[in-house]
Every structure is written in structure tokens, then in C-alpha cells.
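Working notes, beginning with the structure itself.
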């Protein structure tokens, strides 16, 4: 799927499926996130077709985008969910998803979050430290509800991605070092009545485009599983995490089939083909299913740079200033060639920070009040948005062919401080 697969130009105007984006801007204002329902379905289908008749549970990594409409779509398609907080658990339960298909990741699980997940009956806790294992056992003992658990193993594998989204190296905060994992499993297996060991988990990073890092991690996990089996610790599932990349510019993403075919080969060769495979994709399911629609407020030219100042900002899309991430920016309705001369612009927002930029050095023929679309914004767009500078967060709109609806209205300014109070004598 390319960034424009479900956002085509028709008669010179950019659409979301069959809906003209100027129509949505006029009706709902800007900035707004616009999602393609059929893009979500296509992305999901690539995983289901890749799994074939094997036992594979695809748990959507909902930190990428946790809008209830998107969660409900994946629930209806048969997804499980990968959560990293009690709040995300509440969202999953709000759409009626099956907790038995939920894996709970994250390095800092609090007592109340463990309690909520145990009461809900989640499939598995991905334990990320020995201290967490002890706390989980204590919480499970107090509730009288044994906790199904896997150990998130840090295999010290370089995913060759941005350091902020690399999670499988020994200097990262995630998981338990591979050379400690065996001892931690023995400790977990000894906590009978509190901990039920069910799997092994690994997540090496995000926006990965090569299969080799996964296979490097997998080989280490398979060796660990064999050693555990020789000690009577039998596992039911192997969780390889998420991390498959998408096309932002000219990347060649790794297809789910290309990954799973190699995984199945290694499992079968190791005599472990009976293990359920769990995947936790996020970005690859939603990234190219969304765009950020924004309007040019001013054009500003000086000796050093040209700026297109838009009404979207770093509080709407943090990835560029946080990661230096590249998002394509296109005109929704390009002006006639003789109407305006193309210039190289930095696309910046109104937030009072020099880091408030969405794209740099983009050649655009653009005028004041024109609409722009920032592509591939379905993942880590709204989910990382803030209200910095007391800016209301954008509306979210879902499109299905020619139909559309608001799945989260734009915040009002008053709502941003409705829960605050002054110091009264």
C-alpha cells in the first residue's frame, strides 16, 4: 500500500476514497485527521493471508492509533490487541473486544493496571523486569487470580532503525537481557498459583524493512525455548512483536508474508511448529490509512528560507520534530501552473517553538488558504497529539467509499481547561 492508495487525485482534487477533501475541510474545519476504512481492511488482510491456516494471533499495537472506531474495525475483523496501559485496556473493553486476545506490554505497569487486567482476564502479561514479575505475583496472589505471563526477552539485536524506536538492544529500557531470561523463567515457574508461564515475547523496534533482524532475534528465542523445554518449562506461544515498516517516501516495506514464511520455516525445522505465533503490528496497519488535512495561513519569504505557515502544528503531528520523520506533503487542489510559481518551503505551524515544523525543503506551488495533505499520518499522529499552547486537538474523520463520519469531534477551547480551578481563599 502506498501513501496515496486510498487518497487518489480525481479531476485534479485529492480525495479520501470517493470523498473530496475540500468537502471535509469545509464541513469540519482544519486541521483534521482523515482515515480510510478500506485501507485499514486491506492492511489487515495482508496479515490474515500471510498467516494462512497457521495458528497466528495478530494483536493490533494500539498505541499507534487508539481511536475507538479503529479499534472496533479491527475487533470486527478478528484482531487481538497489544496494550501498554490501563487506559488502553479500558478502550479495548469499551469496544467489546475479547480480553482473552489482549497482551499487556510496557515496562512500568502499576498495581491498579495489573489488577484491572487480571480481573478482565487478559491473555498474557509481557513481563519486562524481575521486579515486575515479583509485583505481578503479589497482585495475583492478593486477588486469587493467577497471571498468565511471558517474559519479554531483549535479544540485543540491532533493528537498523531510528534510535528512539529501537527496542531490542541491551542499552534499551525494554525487556530482560537474553542471558538472564532462563533464570527469570525458572523463577516464574516456581511461583505456582500466582504465575502461569505461557509464552516468550520479543520486540526489537519499529519501521523495520528487512527480515534479517527478526530472524536474528528468532534464532536466539528458539534456542532459549529449547533450553527451557529441557527443564520442563513448556511454552504455548511465541510473540515476535511488531515493527514492520510502511512507505513514507521510497521505502520498500517488508511484507507480512515474507516475514511469516521464514518464521514458519524455522519453527518447523526446530520442531516447534505447534507454537502459536503472536504478532503486534501497529504502524503497518494504520500508518498509510490516514492523512492530516491542514490549511495554509500565511506564506512568508526571507533571505534564508521560505515558510508555509499552516494551521496544523507539532502538537498535532509530533513525529517530524521528535524523530526527524519524513512525511510527504501534497496540495489538495494544485493551482493552475500559471497561477503561482513553485517555491521550496518549510511547512511550519503556529506553535511558539522553532521545532514546530512538519516538513522541510518541499517544492510546492501553493497559495495562502490552500489546503495541504500530510500523508502517512495514521500512526502516531493523533495518539501522540497534545494541547500545547492551549490548542484544541484535531477532529478525526473516517471515510468509507462515499460515506463519512466524525469519529472524534474537534475539542473546544473551553474543554481544555474545564477541569481546572483557581486558588480560592
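Projecting label points 7 angstrom from Cα along Cα→Cβ for residue 95 and residue 115 puts them 2.7 nm apart. Taking the chain as a Gaussian network of alpha-carbon nodes connected by springs under 10 Å, the highest mean-square fluctuation of the residues 217, 131, 313 belongs to 131. With the helix formula -39500 (n - 2.57) applied to DSSP H stretches of n ≥ 4, the chain reaches a computed 222 nm mean residue ellipticity of -9000 deg cm²/dmol. Taking 31, 22, 155 in turn, the Gaussian network model of the chain (Cα-Cα springs below 10 Å) assigns the largest fluctuation to 22. Largest GNM mean-square fluctuation across 47, 388, 35, computed for the chain with C-alpha springs under 10 Å, falls on 388. Taking 7 Å steps out from each Cα toward its Cβ at residue 338 and residue 5 produces label points 4.0 nm apart.
If I compute Cα extents along the principal axes in Å from the structure I just sent, which labelled value in (i) 70, 57, 42; (ii) 75, 65, 43; (iii) 71, 54, 33 lines up? Derived directly from the coordinates: (ii).
Rounding to the nearest 10 and keeping the result within 0 to 90°, find how far the Cα-based axis of helix 111-120 lies from the longest principal axis of the chain. Between helix and principal axis, roughly 80 degrees. Using only the alpha-carbon atoms, how far is helix 68-77 inclined from the longest principal axis of the chain? Give it as 0 to 90 degrees, nearest 10. Taking Cα atoms only, the helix is inclined about 50 degrees. Quick check: the angle from helix 212-230's long axis to the longest principal axis of the chain, C-alpha only, nearest 10 degrees? That helix lies at roughly 20 degrees to the long axis.
Values in this text are rule-based calculations from the coordinates and carry no lab data. Keep in mind it's a predicted model, so treat the numbers as computed, not measured. Here the Cβ is made from the backbone with ideal geometry for all residues, glycine too, and neighbour counts use every protein chain on show.
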